[in-house]
Amino acid sequence: MFLFVGNEVLQENPAFNQNIDMLTIVTDWLNNDFGNIVAEHNSIWKMKNGSVGKAYGILSPSEEAALVREQFGVK
């Protein structure tokens, strides 16, 4: 798919630019490309005006399991 958006359109519609950024990130994830997961997570977090949940690194499998147990009560 080829997408060309003029610079004027992006300047006049910042939400459109955010959607392109989000589509790029989600496409990476759908293709199992998590090489930039922390930066991508934080980009989406900022787009959504996040105040809790900023990523600082990737959890190990055991850290992730502990977090799921803590947050969701899953064993």
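The values are calculated or read from the model by the stated rules, or taken from the named source; none is laboratory data. As the structure is a prediction and not an experimental result, all values here were calculated from the model. Note that each Cβ is placed from the backbone with ideal geometry, even for glycine, and that neighbours are counted across all protein chains shown. The area values use the complete protein model at the heavy-atom level, side chains included, leaving out ligands, DNA and RNA. Shrake-Rupley method; radii C 1.70, N 1.55, O 1.52, S 1.80 Å.
Points to keep in mind about this one:
- Inspection of the stretch 36-55 finds a residue satisfying the criterion of being in contact with a Lys or Arg (Cβ under 7 Å, 6 or more places away or on another chain) and assigned to a helix (DSSP H, G or I).
- Filter result for Asn19 (at pLDDT 85 or above, open to solvent by 70 Å² or more (accessible area, probe 1.4 Å) and of a type outside the set (Val, Ile, Thr)): no
- Scope the stretch 29-64; condition charged (D, E, K, R) and open to solvent by 50 Å² or more (accessible area, probe 1.4 Å); matching residues: Asp33, Lys46, Lys48, Lys54, Glu63, Glu64
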